[in-house]
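Below is one structure; the comments refer to it alone.
Any read-out appearing in this document is the output of simple, stated calculations on the displayed coordinates, not a laboratory observation. Computed from a predicted model, the values in this text were never measured in an experiment. Counting neighbours? That spans all protein chains shown, and the Cβs are built from the backbone with ideal geometry, glycine included.
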Amino acid sequence: MTRRPERPLTVSVVRFDGSLDSISRAIELCGGFGKLDRNDRVLIKPNITYSGWALIPPYGMVTTSKMLEGILRLLAEHGCKDVSIGEGTVAEGVGSNTRRGYKYTGIDRVARRYGAKLFDLNEGPFERRQLGEVKIGVSRIALDADFLINVPVLKTHPQVKVSLGFKNLKGCLDIPSRKRFHQKGLEHLICLLNQLLECDLTIIDGIYMLEGGADTLMGLAHRKDLMIASQDAFACDCVGATIMGFEPSQVGYLREYAELRNRPIDISAIQIVGEDIEPHKEKLDWISSAEEELLSFGVTGLSVSNPGYSVCSGCYSNLICALGIFAKASPNRDCGDTRICWGREQANAGTGQRTILYGNCAISKNRDDEHAVRIAGCPPTTMSTLLPLIRTLLSWPRMLRMLLLGGPQLLAVRLGLYSGNLPKWKRYRSPEFDRSHFRPSLWQRMSQVFAAWRK
């Protein structure tokens, strides 16, 4: 039987003017709380790609606490008492975990102010569910929510082009299931997941926008000051993709979802209110080359294979972080002819080419390659990545020099206190990148307390 076409709901596009009122307007314009009962169990799912003590710039990479504050304020005005925030960060290593992520983003502060509970979804419990032929573990907290609010970031992704509301739901899975997505068909399973977990409201946090990667290790953030909201997660993602310069039909999981649900994927079929999206459209690159990043430090002769679909976020983040630290500590270096293979890629080394197999998947796929250097782990930590790179790519004199001069930095990496402080991050010192959208300064917090006291 042919499924009847679903009627798309309204998508609001609102310019962020720095106030919480603009966040409320984005929700109100799309009728975001139309189905919300004050007694509902509400779960807010932000996006915390990376979390920890290492000072990786958060702009465009993780949901701002400013956005969460606006949502929590409106929920309080609606009379909601049972409100939770849940996330499960995926980047392992460099001191990363979800609880630290709440501090890193400032979400812990706004949660305390509004009495919202914080959950690390990685801690479970999980229910086993079937997605096609794949069994996965889904957070029971997410499944039990009466009203699920999805708050992704406006950003690209090096494997699926865009990472918006649909993909953000991967954070509701246990870690083994997320890795299974990369092994069994990433875009297909993202599509199926969004039929299992249906969001009641999606709000794309576009205060900042990220291109060229899913994090600021590879990607480049821009100030955008835009919010996209809808009760219709599919329509919301279509508008977000369009604003970043991608036809929704270019995004595999959106195209498949449209076919399964008999939905038009043409942006003209979506009712958009608020801002006209034409002036806001960009043309973003969705992938950055690791070789280009290395060349910026004068490092040549080292290539990294295309990540494809089989490289998970843990391997991606830790390898890119380790390469950045290595290049900064050992610039203007010719690494000969060395290729790093990761995921489930066949190495196929050329004549005289040295191969590094990164992670258990690459090692398993190329188990017959006796000459390759192996960096084991699922994923390898940043430190267990960096030391083999140093041993493999540097001569003994240069290796000793780097270890002696860079000893404090290496210790900081081991403790999760240092992530490379890449030169390109200097751009985030500009006033357009406002750290108070995450954690306000002490002076700003004192001003807020004084203003509240005067009322």
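Restricting the search to the stretch 292-305, which residues are surrounded by fewer than 18 Cβ atoms within 10 Å (Cβ to Cβ), on the phi < 0 side of the Ramachandran plot and over 22 Å from the mean Cα position of the chain (by Cα)? Walk me through it before giving the result.
Within the stretch 292-305, the subset surrounded by fewer than 18 Cβ atoms within 10 Å (Cβ to Cβ) is 292, 295-296, 298, 300-301, 303.
Of the ones still in play, those that are also on the phi < 0 side of the Ramachandran plot are 292, 295-296, 300, 303.
The answer is Leu295, Ser296, Thr300, Ser303.
Taking Tyr316 and the conditions (1) part of a helix (DSSP H, G or I); (2) over 30 Å from Lys224 (Cβ atoms), which numbered condition does it fall short on, given that it satisfies the others?
Answer for Tyr316: the failing condition is (2).
Please enumerate the residues belonging to the stretch 82-141 that are within 17 Å of the chain's Cα centre (by Cα), under 23 Å from Cys312 (Cβ atoms) and among the aliphatic types (A, V, I, L, M).
Listed by number, the residues that qualify are Val90, Ala91, Val94, Leu121.
For the stretch 374-400, which residues satisfy the criterion of being over 16 Å from Asn318 (Cβ atoms) and either surrounded by fewer than 19 Cβ atoms within 10 Å (Cβ to Cβ) or within 31 Å of the chain's Cα centre (by Cα) (or both)?
Once the filter is applied, which keeps residues that are over 16 Å from Asn318 (Cβ atoms) and either surrounded by fewer than 19 Cβ atoms within 10 Å (Cβ to Cβ) or within 31 Å of the chain's Cα centre (by Cα) (or both), the stretch 374-400 yields Arg391, Thr392, Leu393, Ser395, Trp396, Pro397, Arg398, Met399, Leu400.
Tell me which residues, restricted to the stretch 225-269, are in a loop (DSSP other than H, G, I, E, B) and either farther than 21 Å from Ile203 by Cβ or free of Cβ contacts under 8 Å to residues at least 60 places away in the same chain (or both).
The answer is Gly245, Glu247, Asn262, Pro264, Ile265, Asp266.
Looking at the stretch 97-105, can you tell me whether even one residue there is aromatic (Phe, Trp, Tyr) and over 24 Å from Asp200 (Cα atoms)? Even if it seems obvious, please write down each step before you answer.
From the stretch 97-105, those aromatic (Phe, Trp, Tyr) are 102, 104; that's our starting set.
Restricting the remaining residues to those that are over 24 Å from Asp200 (Cα atoms) gives 104.
Yes, the stretch 97-105 has at least one match.
What's the number of the only condition in (1) without any contact (Cβ under 8 Å) to a residue 60 or more places away in the chain; (2) among the small types (Gly, Ala, Ser); (3) over 27 Å from His188 (Cβ atoms) that Ala347 fails to meet?
(3)
Are there helices (runs of 4 or more DSSP H) fully within the stretch 76-159 with at least 2 residues that are surrounded by fewer than 20 Cβ atoms within 10 Å (Cβ to Cβ), basic (Lys, Arg) and out of contact with any Phe, Trp or Tyr (no Cβ under 7 Å at 6 or more places or on another chain)? List them.
98-105, 107-114
When the residues of the stretch 180-207 are filtered to those that are surrounded by fewer than 24 Cβ atoms within 10 Å (Cβ to Cβ) and among the acidic types (Asp, Glu), which remaining residue is nearest to Pro307 (Cα to Cα)?
Glu187
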